[in-house]
Amino acid sequence: MSADHEIENLLQETRHFAPEAEFVAQAIAKPELYEQAKADRLGFWAEQAKKLHWHKPFTQVLDWSNAPFAKWFHDGELNISYNCLDRHVLAGNGDRVAIHFEGEPGDSRAITYAELTDQVKRAANVLLDLGVREGDRVAIYMPMIPEAVVAMQAVARIGAVHSVVFGGFSADSLTTRIDDAQAKLVITTDGGYRKGRALALKPAVDEALSGGKCPSVQNVLVYRRTNQDVNWVEGRDLDWTEALAAASPEHEAKGFNAEHPLFILYTSGTTGKPKGILHTTGGYLTQTTYTHKNVFDLHPEKDVYWCTADVGWITGHSYVVYGPLSNGATQVIYEGTPETPDWGRWWSIVEKYKVSILYTAPTAIRSFMKLGSSIPKQHDLSSIRVLGSVGEPINPEAWMWYRDVIGSGKAPIVDTWWQTETGAIMISPLPGITTLKPGSAQHALPGIEIKILDEAGTELGLEHAGLLVITEPWPSMLRGIWGDPDRYKETYWSRFEGKYFAGDGAKFDEEGNIWLLGRVDDVMNVSGHRLSTAEIESALVSHPFVAEAAVVGAKDETTGQAVVAFVILRQSQLEAAGSDADVSKILRDHVAKEIGPIAKPRQIMVVAELPKTRSGKIMRRLLRDVAEDRPIGDVTTLTDTSVMDIISGKIAGGAND
Ligand code: WT7
């Protein structure tokens, strides 16, 4: 295959970390998992599914006759909330802490499985009293507090469908999502604590519903978290605490078909309209439970697990609300931001609860790295034994820092690749088996089949970058886009016949490890060479001057596209180097040295912040607008919309070389 069809990926990583004998001896996942799944993939998934409680056992594993619309375990019946709650209480684990909640102001609560079950049963009865029935949609717009978990579990328990909208989204986004799903009920709070302040949420709900914009909504259930004043619509609004106190604590969970819809979660696509990704019950719970246990090596009787994701994202659904509770884990939920009251907050939480498994995103890791090791080193992090990463490629430098500083130089890191659409982890090392390689997500999990193809659909060998596809259906796969089956087929199944196209570039290295190279829309073509944005970013952040970097391809008359890099500098390193250092030249040369002259950025733009979505993804689309000197597009999903004004103002002012 010709060079211009390849994504050049020239960084070489040679470090390896084999699992320690002590870890291997106690590991949940054993090498046989790979063999079993290889010998009989569907049988393997059936085995995993049978670890759940089925109200009615399934006899069929997969029905793919109506591809790409899959049915898994479709003649079985189960209740997801029963699996996450009642079964642990019935097994004698009612006194185990399910949630250690840490509020941002410093309040804390420990909630046992018995207590959580009681709350969910009461909330289920409240929903039933409000007329919510099987299949009805309920929008949830809440901060990161235990009641958000209770709300999701209660909706699922009665067979209704939740649509969680991240609390950072605006009233307009909320209207669009409520309306698309035709939600009957909204569950919210007066507000929540963020950056030391009580932030209001209820006004956004009032605004979203105002002027008859969402006629499907009949009631709003409000939990009072901050006790700030709220507008109250008589007859529509109900107080959560009063309603739960008055509700019966008895609720028998009935079984629903394995393919009963569980939730809709909106995610951005290439067009402006968000896609409502639909997940169903049995397959989703099977794969979230299996991956949570095996990838994180969860020993529920002794581990304390903490996933820092908000329930507004898929990671919060799969690895806060469903996987961990299904496995009977004890987990930490933290309401606030990492810098409140100071940047030591996360590490004091780890120390306080003796967190043993920590799952977070590279963007967070790099923020901490930027501030230096001295902050985490003020805390006892020795309880940590497994670290996880998700959301974007983790560059080897951040990986090493994560392992050395947070993982005491020995905790295995599981770099987990998956998507809102895949529902659960697909590619990841297994910590007691895999010899780790910093920066690589390494291998498809047992039960998952992936390939890397060129544009024409031909399978590529080692060291050739191409497009990542999933070649066999998997239990937690999306079942469609809400209300838009054609968009589902078109987006994911039309590029390569019968295969799921993930939208990511990837390659196998010389040892067969998978490297994710960023979204294919984040791939540039420079002088006929395809370069990955992720790779150049990784090269940039490997330089001591750079704290964070985002790279885009901008149109260029000579080379087709040119590399434009936006960087945040580390002030301390810069000062040490002296004020007359030519940062731009140094970094351009550094990239040329790390990857090759082809990857040398045309421009380095020094910025104070990068435009990010609330899930921490850099919005390259906006940076591309700046780099190509176009008016800046829609910024409504940015955490801080002023960032773009500052960046574009600075560049218009000609601050660069
Ligand atoms: C996209 C999916 C999965 C939960 C959070 C994001 C990127 C995700 C990794 C990883 C490299 C990753 C991919 C993917 N991504 N994890 N470990 N290494 N890239 O969910 O918002 O649906 O985004 O995130 O590009 O396609 P999402």
TODO: For the stretch 437-473, enumerate the residues that are among the small types (Gly, Ala, Ser) and touching a residue at least 24 places away in the same chain (Cβ under 8 Å).
DONE: Gly439, Ser440, Ala441, Ala444, Gly447, Gly457, Gly461, Ala465, Gly466
Task: Filter result (away from the ligand (no atom under 16 Å from the Cβ) and within 29 Å of Val414 (Cα to Cα)) within the stretch 263-289 - done: Thr280, Thr281, Gly282, Gly283, Leu285, Thr286, Thr289
Open item on the list: Could you check the stretch 481-498 and list, in sequence order, the residues that are surrounded by fewer than 23 Cβ atoms within 10 Å (Cβ to Cβ) and not aromatic (Phe, Trp, Tyr)?
Closed with: Gly483, Asp484, Pro485, Asp486, Arg487, Lys489, Glu490, Thr491, Ser494, Arg495, Glu497, Gly498
Open item on the list: Kindly evaluate Pro376 against the criterion of being within 16 Å of the ligand (Cβ to nearest atom), open to solvent by less than 20 Å² (accessible area, probe 1.4 Å) and in contact (Cβ under 8 Å) with a residue 24 or more places away in the chain.
Closed with: no
Open item on the list: Condition check: away from the ligand (no atom under 16 Å from the Cβ), under 21 Å from Ile314 (Cα atoms) and more than 23 Å from the chain's Cα centre (by Cα). Does His260 satisfy that?
Closed with: yes
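Restricting to the stretch 463-498, count the residues that are over 17 Å from Ile427 (Cα atoms) and not in a strand (DSSP E or B).
Residues of the stretch 463-498 over 17 Å from Ile427 (Cα atoms): 463-464, 479-498.
Next, from what is left, pick out any that are not in a strand (DSSP E or B): 463-464, 479, 482-498.
Result for the stretch 463-498: 20.
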TODO: Give the number of residues within the stretch 383-431 that are in contact with a helix residue (DSSP H, G or I) (Cβ under 9 Å, 6 or more places away or on another chain) and either assigned to a loop (DSSP other than H, G, I, E, B) or within 7 Å of the ligand (Cβ to nearest atom) (or both).
DONE: 29
Task: Selection status of Gly447, more than 16 Å from the ligand (Cβ to nearest atom), of a type in the set (Gly, Ala, Ser), open to solvent by less than 10 Å² (accessible area, probe 1.4 Å) and part of a loop (DSSP other than H, G, I, E, B) - done: yes
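Can you find, within the stretch 432-441, the residue that is most open to solvent (accessible area, probe 1.4 Å) among those that are of a type outside the set (D, E, K, R) and more than 10 Å from the ligand (Cβ to nearest atom)? Steps first, please.
Filtering the stretch 432-441 down to residues of a type outside the set (D, E, K, R) leaves 432-436, 438-441.
After this cut, where a residue has to be more than 10 Å from the ligand (Cβ to nearest atom) as well, the list is 432-436, 438.
Numbers: Gly432: 11, Ile433: 44, Thr434: 11, Thr435: 61, Leu436: 6, Pro438: 0 Å².
Filtering the stretch 432-441 for residues that are of a type outside the set (D, E, K, R) and more than 10 Å from the ligand (Cβ to nearest atom), the one most open to solvent (accessible area, probe 1.4 Å) comes out as Thr435.
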Task: Residues of the stretch 204-228 satisfying the condition of being of a type outside the set (Asp, Glu) and either open to solvent by 70 Å² or more (accessible area, probe 1.4 Å) or part of a strand (DSSP E or B) (or both) - done: Gly211, Lys213, Pro215, Gln218, Asn219, Val220, Leu221, Val222, Tyr223, Arg224, Asn227
Open item on the list: Cβ contacts < 7 Å: first residue within 27 Å of Ser383 (Cβ to Cβ), restricted to the stretch 407-436; second residue more than 9 Å from the ligand (Cβ to nearest atom) and charged (D, E, K, R), any location; separation 6+ or different chain. Result?
Closed with: Gly409/Arg403; Lys410/Glu20; Ala411/Arg385; Ala411/Arg403; Ile413/Arg403; Pro431/Asp297; Gly432/Asp297
TODO: Tell me which residues, restricted to the stretch 9-58, are exposed (fewer than 14 other Cβ atoms within 10 Å of the Cβ) and outside any loop (DSSP other than H, G, I, E, B).
DONE: Ala21, Glu22, Ala25, Gln26, Glu32, Glu35, Lys38, Ala39, Gly43, Lys56
Open item on the list: Out of the residues in the stretch 617-634 meeting the condition of being under 12 Å from Ser648 (Cβ atoms) and aliphatic (A, V, I, L, M), tell me which one is most open to solvent (accessible area, probe 1.4 Å).
Closed with: Ile632
TODO: Within the stretch 223-255, track down each residue that is touching a strand residue (DSSP E or B) at 6+ places or on another chain (Cβ under 6 Å) and hydrophobic (A, V, I, L, M, F, W, C).
DONE: Leu238, Trp240
Task: Total residues in the stretch 229-244, condition farther than 22 Å from Met144 by Cα and part of a helix (DSSP H, G or I) - done: 0
Open item on the list: I'm told Phe501 meets every condition in (1) at pLDDT 95 or above; (2) within 14 Å of the ligand (Cβ to nearest atom); (3) open to solvent by 10 Å² or more (accessible area, probe 1.4 Å); (4) not in a strand (DSSP E or B) except one. Can you identify the failing condition by its number?
Closed with: (4)
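Do you know which of the residues in the stretch 344-355 that are in contact with a Pro (Cβ under 9 Å, 6 or more places away or on another chain) and open to solvent by 10 Å² or more (accessible area, probe 1.4 Å) is nearest to Val295 (Cα to Cα)?
Quick first cut of the stretch 344-355, residues in contact with a Pro (Cβ under 9 Å, 6 or more places away or on another chain) only: 344-347, 350.
Still in the running and open to solvent by 10 Å² or more (accessible area, probe 1.4 Å): 345-346.
Working: Arg345: 26, Trp346: 22 Å.
So the residue we want is Trp346.
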Open item on the list: Residues that are touching a helix residue (DSSP H, G or I) at 6+ places or on another chain (Cβ under 9 Å): list the strands (runs of 3 or more DSSP E) wholly contained in the stretch 162-201 that include at least 1 such residues.
Closed with: 185-189, 191-194
Open item on the list: Only one of Gln119, Gln182, Gln153 is open to solvent by 20 Å² or more (accessible area, probe 1.4 Å), in contact (Cβ under 8 Å) with a residue 60 or more places away in the chain, polar (S, T, N, Q) and not assigned by TED's automatic domain parsing to the domain that holds Ser615. Can you tell me which?
Closed with: Gln119
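On the basis of being at negative phi, crowded, with 22+ Cβ neighbours inside 10 Å, assigned by TED's automatic domain parsing to the domain that holds His88 and modelled with pLDDT under 95, does Gly312 make the cut? If you could, list the steps in order and put the result at the bottom.
Numbers: at negative phi: yes; crowded, with 22+ Cβ neighbours inside 10 Å: yes; assigned by TED's automatic domain parsing to the domain that holds His88: yes; modelled with pLDDT under 95: yes.
So Gly312 passes the test.
The values are calculated or read from the model by the stated rules, or taken from the named source; none is laboratory data. Because the structure is a prediction, the values reported are computed rather than measured. We place every Cβ from the backbone using ideal geometry, glycine too, and count neighbours over all the protein chains shown. These area figures cover heavy atoms from the full protein model, side chains too; ligands, DNA and RNA do not enter into them. Shrake-Rupley method; radii C 1.70, N 1.55, O 1.52, S 1.80 Å.
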